[in-house]
Ligand code: ADP
Ligand code: MG
């Protein structure tokens with residue numbers, strides 16, 4: 001393609017809300033064979049809702065919500081906002097949490113009203129030797145329905161099973177189908193548990209899933225997808241996604257995402273609408289073939 005046609009392509013893309021931040025990205029995108037997506041906030045809306053709270057032991061919804069809400073109020077994770085919001089709506093002002101700590105990919109902990117609270121994935125509970133066996137069947141059912149199951153432990157004992165649901169964006173399914181029609185393979189990379197990830201991927205129509213990936217493992221997961229030398233684009237929105245956006249042949253950031261993600265990307269979609277990925281590819285292909 002000539003410098004002029006690249007300028008024209010870049011301009012046309014910008015009109016459609018697709019910003020090519022680097023000149024060679026427009027040329028490189030047409031050679032991509034696999035597109036990998038982050039799940040939360042990229043394929044899904046990124047605003048999960050608390051759908052289920054199943055108390056264990058002597059705990060009740062009313063006694064649990066202030067404690068777990070206070071802990072999650074300190075966390076920036078989308079899951080945390082869902083839980084804190086429900087707690088505040090149902091119980092009013094939240095108590096104060098002290099000694100808050102987040103363990104990336106596992107969960108969070110803090111002290112509230114003299115109680116040691118821990119909220120997170122099954123692997124966090126297993127690591128702390130909390131017995132979750134009575135709740136795992138129910139958790140699996142939630143996961144198979146595409147919900148994310150979490151556990152809360154209080155003073156070393158299991159206190160609740162929680163489920164949050166984060167639906168796909170309205171255009172996700174259609175975008176994935178179009179990408180397949182264009183001859184691309186698709187994949188999803190997520191820290192969420194395997195059963196939930198598989199259910200969401202099936203709903204979206206995505207070919208391949210890498211689940212339970214710790215934040216620092218996203219680049220390694222990309223390398224696995226690239227094992228046969230395929231050229232690969234990664235689409236993401238979060239702080240966690242920045243290294244993968246930089247490591248992919250083409251990093252595509254969602255413009256509604258975090259600044260760090262945007263700065264690490266080659267291409268930025270001005271809206272959260274994934275159809276921007278199809279538009280970006282289309283313009284890249286047309287430009288390289290010198291088609292108007
Ligand atoms: P992703 O970006 O795919 O959501 P993360 O690494 O951020 O992956 O999170 C992975 C998992 O860690 C979550 O699915 C959840 O089980 C657990 N987790 C992370 N943060 C929290 C939190 N604030 N409260 C409860 N669980 C959490
Ligand atoms: Mg995300």
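Each reported figure results from applying straightforward, stated rules to the coordinates on display, with no laboratory input. Source: prediction; values computed, not measured. For neighbour counting, all protein chains shown are included, and Cβ atoms are generated from backbone atoms with ideal geometry for every residue, glycine included.
Residue by residue, here is whether (1) assigned to a loop (DSSP other than H, G, I, E, B); (2) within 16 Å of ligand 1 (Cβ to nearest atom) holds:
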{"site": "6", "(1), (2)": "no, no"}
{"site": "9", "(1), (2)": "no, no"}
{"site": "25", "(1), (2)": "no, no"}
{"site": "42", "(1), (2)": "no, yes"}
{"site": "51", "(1), (2)": "no, yes"}
{"site": "57", "(1), (2)": "yes, no"}
{"site": "69", "(1), (2)": "no, yes"}
{"site": "74", "(1), (2)": "yes, yes"}
{"site": "81", "(1), (2)": "no, yes"}
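Give the range 27-40 a look and list any residue that's touching a helix residue (DSSP H, G or I) at 6+ places or on another chain (Cβ under 7 Å) and outside any strand (DSSP E or B), or say none. Talk me through it step by step, then tell me what you get.
First, the residues of the range 27-40 that are touching a helix residue (DSSP H, G or I) at 6+ places or on another chain (Cβ under 7 Å): 27, 29-30, 34-40.
Residues satisfying the conditions are 27, 29, 30, 39, 40.
Could you give me the residue pairs with C-beta distances under 9 Å whose first residue belongs to the range 173-195 and is at positive phi, whose second residue is more than 11 Å from ligand 1 (Cβ to nearest atom) wherever it lies, and which are 6+ apart or on separate chains?
Pairs found: 183/33.
Out of the residues in the range 247-258 meeting the condition of being assigned to a loop (DSSP other than H, G, I, E, B) and away from ligand 2 (no atom under 11 Å from the Cβ), tell me which one is surrounded by the most Cβ atoms within 10 Å (Cβ to Cβ). Lay out the reasoning, then the answer.
From the range 247-258, those assigned to a loop (DSSP other than H, G, I, E, B) are 248-249, 255-258; that's our starting set.
Then keep just the ones that are away from ligand 2 (no atom under 11 Å from the Cβ); that gives 248-249, 255.
Values: 248: 27, 249: 19, 255: 18.
Per the stated criteria, the residue is 248.
Return the residue satisfying two criteria in turn: it lies in the range 202-215 and is assigned to a helix (DSSP H, G or I) and in contact (Cβ under 8 Å) with a residue 60 or more places away in the chain, and of such residues it is nearest to ligand 1 (Cβ to nearest atom). Talk me through it step by step, then tell me what you get.
Taking the range 202-215 and keeping what is assigned to a helix (DSSP H, G or I), we get 202-204, 215.
Retained after the next criterion (residues that are in contact (Cβ under 8 Å) with a residue 60 or more places away in the chain): 204, 215.
Numbers: 204: 14, 215: 5 Å.
It comes out as 215.
For residue 262, work out the one condition from (1) touching a helix residue (DSSP H, G or I) at 6+ places or on another chain (Cβ under 6 Å); (2) part of a helix (DSSP H, G or I); (3) within 14 Å of ligand 2 (Cβ to nearest atom) it doesn't fulfil.
(1)
Among the residues of the range 222-246, write down those that are within 16 Å of ligand 2 (Cβ to nearest atom) and without any contact (Cβ under 8 Å) to a residue 40 or more places away in the chain.
Result: 239, 242, 243, 245, 246.
Could you please let me know if residue 280 is in contact (Cβ under 8 Å) with a residue 24 or more places away in the chain, part of a helix (DSSP H, G or I) and farther than 21 Å from residue 17 by Cα? Write out each step before concluding.
On the way: in contact (Cβ under 8 Å) with a residue 24 or more places away in the chain: yes; part of a helix (DSSP H, G or I): yes; farther than 21 Å from residue 17 by Cα: no.
Taking the combined requirement at face value, the residue does not satisfy it.
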